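The values are calculated or read from the model by the stated rules, or taken from the named source; none is laboratory data. Keep in mind that this is a model prediction, so the values were computed, not measured. No Cβ is skipped: glycine too gets one built from the backbone with ideal geometry, and neighbour counts run over all protein chains shown.
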Amino acid sequence: MNKVTQDQIKVQKIGTSKIDQVDFNKLLFGKDFSDHMFECDYIDGKWQNPTIRPFGPLTLSPAAKVFHYGQAVFEGMKAYKDDNGKVFLFRPDENQKRINKSAVRMAIPEFPEALFFEALHKLIDLDRDWIKPGNGNSLYLRPFVMATQAGVSASPSDEYKFMILMSPAQAYYTGDVRVVIAEHYSRSSNGGVGAAKAAGNYGAQFYPTNLAREKGFQQVIWTDSDEHKYLEEAGTMNVFFRINDTLITAPISDRILDGVTRKSVIALAEKEGIPIEVRPVLVSEIVAAAKNGTLKEIFGAGTAAVISPVSAFGYKEDVYELPSTDGGYSTKFKKALMDIQYNRSEDTFGWRYEI
Ligand code: COI
């Protein structure tokens, strides 16, 4: 399945690679970027000048609407290298569809599918050396779109820039993930932009997440904004709960991101015959299950986070420690996903996409 049918992108290659300046054994997530980036502008009602050029600064008017109204959406994807040097993306069509869905919600014009795939192919191909083989190594891709028209009138921009940056990555979370259940702040609300990967959804979480950090938690599990009764998603990942042998996760709504890893875990569970319930998850049932010992696991699922087991959760004044998840569902799903991503297992779902 190679989706490149066009040759529209102009390529300006870097003179000298900066790859030797990067310590691939000590990567901080999202800090280093590969040699090239992709950009394309929306001007006069059409996407134009698609270009790959050396990673570097942009020149933008300080009045660009993105700075004033946060009109921006993004995606997160990863490229993996197998032991024979072949490079794969994982379900890139899902990200392509989702960035356009997010764009529509933020009154941003959709980006053409063919150009998206041509950009992925050319960009990844140029910077292939930045993808290291080995479990956990990847090149994190950050496609994003922002409003570039200069002007502070509060209305959608007439001009946009679509870009793709690439950053070598290892695990997003190292060590235990401790989460706290939101009781006051909210990530999203009915009719809002929670289902879109809108830049502001993430910025808005920073303050409550900082408060959580001060209390020893890495992430907040967001609850519904009306009553804080239902568990929805964490800041950088969807969330799964295991009570006895049943896996439970909240359904997608206009408050919850339709995560690619989330839907892959659901498909894997169904294939394995693991009982799975996609339904509203009450805070009270999870607290009760933690108290009576039937809550076996909580884990997050996301592109950056992969599968991240949660070791404890806080709710009101209490902290509930969870049993070790070694050998549990999270271990099983992480292995199954990574085996597909790194081309170590048969891809019965057709999720691998070779570059
Ligand atoms: C991703 O998993 O790609 C995300 O969106 C998380 C990111 C905000 C670090």
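Determine which member of the set Ala304, Ala290 is surrounded by 14 or more Cβ atoms within 10 Å (Cβ to Cβ) and either part of a loop (DSSP other than H, G, I, E, B) or modelled with pLDDT under 95 (or both). Even if it seems obvious, please write down each step before you answer.
Working: Ala290 fails: either part of a loop (DSSP other than H, G, I, E, B) or modelled with pLDDT under 95 (or both).
So the residue among Ala304, Ala290 that is surrounded by 14 or more Cβ atoms within 10 Å (Cβ to Cβ) and either part of a loop (DSSP other than H, G, I, E, B) or modelled with pLDDT under 95 (or both) is Ala304.
Exactly one residue out of Tyr207, Tyr140 is over 25 Å from Pro57 (Cα atoms) and either modelled with pLDDT of 95 or more or surrounded by fewer than 18 Cβ atoms within 10 Å (Cβ to Cβ) (or both), and it is Tyr207.
Inspection of segment 149-157 identifies no residue that is closer than 18 Å to Arg53 by Cβ and either β-branched (Val, Ile, Thr) or touching a residue at least 24 places away in the same chain (Cβ under 8 Å) (or both). For segment 16-27, the criterion of being out of contact with any helix residue (DSSP H, G or I) (no Cβ under 8 Å at 6 or more places or on another chain) and within 16 Å of the ligand (Cβ to nearest atom) is met by at least one residue. Annotation note: of Val239, Val220, Val193, Val180, the sole residue that is over 28 Å from Ile131 (Cβ atoms), more than 16 Å from the ligand (Cβ to nearest atom) and not polar (S, T, N, Q) is Val180. Any residue in segment 170-192 that is touching a residue at least 60 places away in the same chain (Cβ under 8 Å), among the aliphatic types (A, V, I, L, M), part of a loop (DSSP other than H, G, I, E, B) and more than 24 Å from Val278 (Cα to Cα)? Scanning segment 170-192 turns up at least one residue that is touching a residue at least 60 places away in the same chain (Cβ under 8 Å), among the aliphatic types (A, V, I, L, M), part of a loop (DSSP other than H, G, I, E, B) and more than 24 Å from Val278 (Cα to Cα). Just one of Ile252, Ile248 is surrounded by 14 or more Cβ atoms within 10 Å (Cβ to Cβ), in contact (Cβ under 8 Å) with a residue 12 or more places away in the chain, within 16 Å of the ligand (Cβ to nearest atom) and over 18 Å from Tyr172 (Cα atoms); which is it? Being surrounded by 14 or more Cβ atoms within 10 Å (Cβ to Cβ), in contact (Cβ under 8 Å) with a residue 12 or more places away in the chain, within 16 Å of the ligand (Cβ to nearest atom) and over 18 Å from Tyr172 (Cα atoms) holds for just one of Ile252, Ile248, which is Ile252. Scanning segment 1-45 for residues that are touching a strand residue (DSSP E or B) at 6+ places or on another chain (Cβ under 9 Å), β-branched (Val, Ile, Thr), in a loop (DSSP other than H, G, I, E, B) and farther than 23 Å from Arg91 by Cβ yields Ile14, Val22.
Could you go through segment 267-280 and let me know if any residue there is of a type in the set (A, V, I, L, M), within 16 Å of the ligand (Cβ to nearest atom) and surrounded by 15 or more Cβ atoms within 10 Å (Cβ to Cβ). Can you show your working first?
Just the residues of segment 267-280 that are of a type in the set (A, V, I, L, M), to begin with: 267-269, 274, 276, 278.
Okay, now just the ones that are also within 16 Å of the ligand (Cβ to nearest atom), so none.
Looking for residues that are of a type in the set (A, V, I, L, M), within 16 Å of the ligand (Cβ to nearest atom) and surrounded by 15 or more Cβ atoms within 10 Å (Cβ to Cβ), one finds none in segment 267-280, hence no.
Each residue in segment 28-52 was checked for being surrounded by 15 or more Cβ atoms within 10 Å (Cβ to Cβ), charged (D, E, K, R) and either under 24 Å from Ala103 (Cα atoms) or within 16 Å of the ligand (Cβ to nearest atom) (or both), and 3 pass.
Does Val66 qualify as being within 24 Å of the chain's Cα centre (by Cα), more than 23 Å from Phe88 (Cα to Cα) and of a type in the set (A, V, I, L, M)? It would help to see each step written out before you state the result.
Details: within 24 Å of the chain's Cα centre (by Cα): yes; more than 23 Å from Phe88 (Cα to Cα): yes; of a type in the set (A, V, I, L, M): yes.
Spelling it out, Val66 is indeed within 24 Å of the chain's Cα centre (by Cα), more than 23 Å from Phe88 (Cα to Cα) and of a type in the set (A, V, I, L, M).
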